[in-house]
1. Applying 1/(1 + (r/R0)^6) with R0 = 35 Å to the Cβ-Cβ distance of Ile50 and Leu109, what FRET efficiency is obtained, to the nearest 0.05?
2. Of Asp91, Asp105, how do they rank once you tally other Cβ atoms within 10 Å and put the fewest first?
3. In which sequence would Arg81, Arg55 go, from the one with the fewest C-beta neighbours within 10 Å to the one with the most?
4. Full-extension gain between Glu84 and Ser97, please, as 0.36 nm times their residue separation minus the C-alpha to C-alpha distance.
Amino acid sequence: MSSQDKRRFQRHKSSILIHIHTAETTQHLQAMLNIGEGGLAFESEQSWVIGTRIRITWPAPLEFSLDFQELQGSVVWCTRRTDEHEHTLFDVGVEFSRPDSEAVDMTALIEELYQQLEEIELEVLPEPLAVSSA
């Protein structure tokens, strides 16, 4: 049975940045890989110990204020891999302490905010200056 078959909750792919807090450190900024009601996966430059208890928060774009919740969970797997530039990375799986259906919605909302900001930035960029040949 594949790991996809074992999942109880559907996953939503995402690449937004999240803060991972542990008892030993204030935060690690990591790229999320996917999220579901039961947990999430993120990419890290360090290996994580199975069982490590963490808190997860979402940084809002441009200090945009939303009532962001934090989630708590434990590292349940950590897989080493090499990226296209031969850097060692780790994919880390987290199981939430309690399932949270709002986590997926919150992630989608933040992705939408980033996309809207990107579109606005493209609209307000100045036109390239014409170079005179005279």
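1. Values: r = 31 Å, r/R0 = 0.88.
So, using R0 = 35 Å, E works out to roughly 0.70.
2. Working: Asp91 16, Asp105 11.
Ascending Cβ contact count within 10 Å gives the list Asp105, Asp91.
3. On the way: Arg81 10, Arg55 15.
In increasing order of surrounding Cβ atoms, one gets Arg81, Arg55.
4. On the way: separation 13, 0.36 × 13 = 4.68 nm, distance 3.35 nm.
Gain on extension, Glu84 to Ser97, equals 1.3 nm.
Values quoted throughout were computed directly from the atomic coordinates according to the rules given, and no laboratory measurement underlies them. Keep in mind the model is a prediction, meaning the values are calculated, not measured. When we count neighbours, we look across all protein chains shown, and the Cβ atoms used for this are built from the backbone with ideal geometry, even at glycine.
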